[in-house]
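Undergrad: If you scroll down you'll find the structure; I have some questions about it.
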Amino acid sequence: MYWGGGTFLADPKLLLPFCIYLFLNCVYSLGLKNYALIDVFIISLGFIIRLFIGAMSVDIELSHWIVITTFSLSLFLAFAKRRDDVLLFCHTGEKMRKSIEGYNLGFVDACLVISAVMSILSYVMWSISEPALAHFSSYLYLTSLFVVLGILRYLQLVFVDCRGGSPTEVVLTDKALHLIVIGWMMSFVILYFWRF
């Protein structure tokens, strides 16, 4: 996405969310990143703001369930990364960040499960909402099977393999996740072209 000044001259309504995004990044860098929970919430809010900016740029009305799903999923990924930091601290005594003082393994695991459940439920609610059903089939909720499987696979990678430190690396290298994403995308294509 282009963030130059021309974008805001062409569409001034993007200026406010961009300023909020910039402000959040500044206060995060200046100290809020040192506080447990606040750090992951600011990261997740950043994803939401980028989602709104993207939607406003192309005049798409966002479903509130998609917003909640995005927020929950970004929380899930952030807590997975914090879990990796906690494990490192437990094994080496090294603090990757100051906010790690406000976390322990039990708490982060609970936060991971809560955000995973929130992500799944909000996705299911989106899949049965009127805007989603207007574009796809009444069987759109079946795509949630891939979402559940994907989140469970990610939890397996985090809890069993301790690979939550880099969400990007996990998504790019795990073949099982690749297959799940391909299955999810194919289910959308099928439900779009063969509506029943």
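Undergrad: Given 4 °C and 1.567 mPa s, compute D for the stretch 123-196 with the Stokes-Einstein relation, Rh being the Kirkwood radius over Cα pairs; round to the nearest whole µm²/s.
TA: It diffuses with D of about 97 µm²/s by this estimate.
Undergrad: In whole Hz, what ³J(HN,Hα) sequence does the stretch 138-149 give by Karplus (6.51, -1.76, 1.60; θ = phi - 60°), x for Gly and Pro?
TA: These are the phi-based 3J(HN,Hα) values: 5, 9, 4, 4, 5, 5, 5, 4, 5, 5, 4, 4 Hz.
Undergrad: Under 8 Å for C-alpha pairs, at least 6 residues apart: give me the relative contact order for the chain, rounded to a whole percent.
TA: Relative CO of the chain lands at 20 percent.
Undergrad: Computing the accessible area with a 1.4 Å probe over protein heavy atoms, can you report the carbon and sulfur percentage for the stretch 51-196?
TA: 71 percent
Undergrad: Something else about it: Tell me the mean residue ellipticity at 222 nm calculated for the chain from its helices only (DSSP H runs of n ≥ 4, each -39500 (n - 2.57), averaged over every residue, nearest 500).
TA: Helix-only estimate at 222 nm: -24000 deg cm²/dmol.
Undergrad: Further question on the same structure: Could you tell me how far the Cα centroid of the stretch 63-88 sits from the Cα centroid of the stretch 103-162, in Å?
TA: So the two Cα centres are separated by 11 Å.
Undergrad: For residue 109, what is the net charge nearby, where nearby means another residue's Cβ is under 11 Å from its Cβ and Lys, Arg count +1, Asp, Glu -1?
TA: +2
Undergrad: Let me ask something additional. Pick out, from 47, 86, 182, the residue whose Cα sits farthest towards the positive end of the charge dipole of the chain, with +1 on the Cβ of Lys and Arg and -1 on the Cβ of Asp and Glu.
TA: Positive-most Cα among the choices belongs to 86.
Undergrad: Can you tell me the dipole magnitude for the stretch 49-108 around its Cα centre, using point charges on the Cβ only (Lys, Arg +1; Asp, Glu -1), in Debye to the nearest 20?
TA: 240 debye
The values are calculated or read from the model by the stated rules, or taken from the named source; none is laboratory data. The structure presented is a predicted model; accordingly, all values stated were derived computationally and were not measured. Neighbour counts are summed over all protein chains in view; Cβ atoms, including those assigned to glycine, are modelled from backbone coordinates with ideal geometry. Remember, those area values only see protein heavy atoms, side chains included, never the ligands or the DNA or RNA. Shrake-Rupley method; radii C 1.70, N 1.55, O 1.52, S 1.80 Å.
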